[in-house]
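To keep things clear, I will list the structure first and then write my remarks on it.
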């Protein structure tokens, strides 16, 4: 049986070796394709489906609680939230006024455990300190991946958080000085990984970042062939809404 990248319906030998084997399968916003995103139910379901990592986004409430939510605003149907707070920014509301389905980081750890990798995109920089404190309190800091779009912000966080993984989330076409200079700068700053859209990655690019000791992560990998292409290119972590097909595809490469 052949294993690795997809070609003519057959799994061929993996072309580029990864630094992490097997790659981490991050369930994007929990099992988003299977349950309401960024809820304890979605996170728990992703775990039950075999995800090796969970992804979410962190915001801070007006009273200092760190909560997991994508948009940073209260949205949804009136039945799920008071009409008075729909569209309101989380940063302007105390935790008690948020809908019950928006969990705190502490509730995530208490409900889902601490053994899975957790990737958190810090959308509000003010949430960083509370996120780190919660991870440390639960003994999970070494399995926390903190993502941000600004490499300078990550560099400023490095000295305060030696035990967590810092991830620069960006796109290839946003690198003003090219990927090699980008990789060198991230390595010098002590950043652990780069997270590109799946379309940006190829074997040459993963090899470049690996040469600088950086892990390669790919997001928006929704189809099995996209996941297989990433693994074939030497990816170290995949983000997908579809936990079932993600973990099935990763398992085929691991076999």
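With respect to the conditions (1) in contact with a helix residue (DSSP H, G or I) (Cβ under 6 Å, 6 or more places away or on another chain); (2) within 11 Å of residue 243 (Cα to Cα); (3) modelled with pLDDT of 95 or more, residue 26 lacks only one, and its number is (1).
Looking across region 35-53, just one residue is under 15 Å from residue 110 (Cα atoms) and without any contact (Cβ under 8 Å) to a residue 12 or more places away in the chain, and that is 41.
Yes/no per residue for (1) under 15 Å from residue 59 (Cα atoms); (2) surrounded by 18 or more Cβ atoms within 10 Å (Cβ to Cβ); (3) out of contact with any strand residue (DSSP E or B) (no Cβ under 7 Å at 6 or more places or on another chain); (4) modelled with pLDDT under 95:
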{"position": "141", "(1), (2), (3), (4)": "no, yes, yes, no"}
{"position": "146", "(1), (2), (3), (4)": "yes, yes, no, no"}
{"position": "150", "(1), (2), (3), (4)": "no, no, yes, no"}
{"position": "153", "(1), (2), (3), (4)": "no, no, yes, no"}
{"position": "156", "(1), (2), (3), (4)": "no, no, yes, no"}
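Would you check if residue 136 is farther than 26 Å from residue 241 by Cα, surrounded by fewer than 18 Cβ atoms within 10 Å (Cβ to Cβ) and modelled with pLDDT under 95? For residue 136, the condition - farther than 26 Å from residue 241 by Cα, surrounded by fewer than 18 Cβ atoms within 10 Å (Cβ to Cβ) and modelled with pLDDT under 95 - is not met.
Number of residues in region 60-72 that are within 17 Å of the chain's Cα centre (by Cα) and either within 12 Å of residue 27 (Cβ to Cβ) or surrounded by fewer than 23 Cβ atoms within 10 Å (Cβ to Cβ) (or both) equals 3. Condition check: under 16 Å from the mean Cα position of the chain (by Cα) and either modelled with pLDDT under 95 or surrounded by 15 or more Cβ atoms within 10 Å (Cβ to Cβ) (or both). Does residue 84 satisfy that? Spelling it out, it is not the case that residue 84 is under 16 Å from the mean Cα position of the chain (by Cα) and either modelled with pLDDT under 95 or surrounded by 15 or more Cβ atoms within 10 Å (Cβ to Cβ) (or both).
From the residues in region 48-59 that are touching a helix residue (DSSP H, G or I) at 6+ places or on another chain (Cβ under 6 Å) and within 17 Å of residue 246 (Cα to Cα), which one is surrounded by the fewest Cβ atoms within 10 Å (Cβ to Cβ)? By that ranking, first place goes to 50.
Every listed requirement among (1) assigned to a loop (DSSP other than H, G, I, E, B); (2) modelled with pLDDT of 95 or more; (3) over 18 Å from residue 131 (Cβ atoms) is met by residue 64 save one, (3). Might you let me know whether region 197-213 holds any residue that is on the phi < 0 side of the Ramachandran plot and within 15 Å of the chain's Cα centre (by Cα)? Yes - at least one qualifying residue is present in region 197-213.
The values are calculated or read from the model by the stated rules, or taken from the named source; none is laboratory data. Everything quoted here is computed from the prediction, not taken from an experiment. Here the Cβ is made from the backbone with ideal geometry for all residues, glycine too, and neighbour counts use every protein chain on show.
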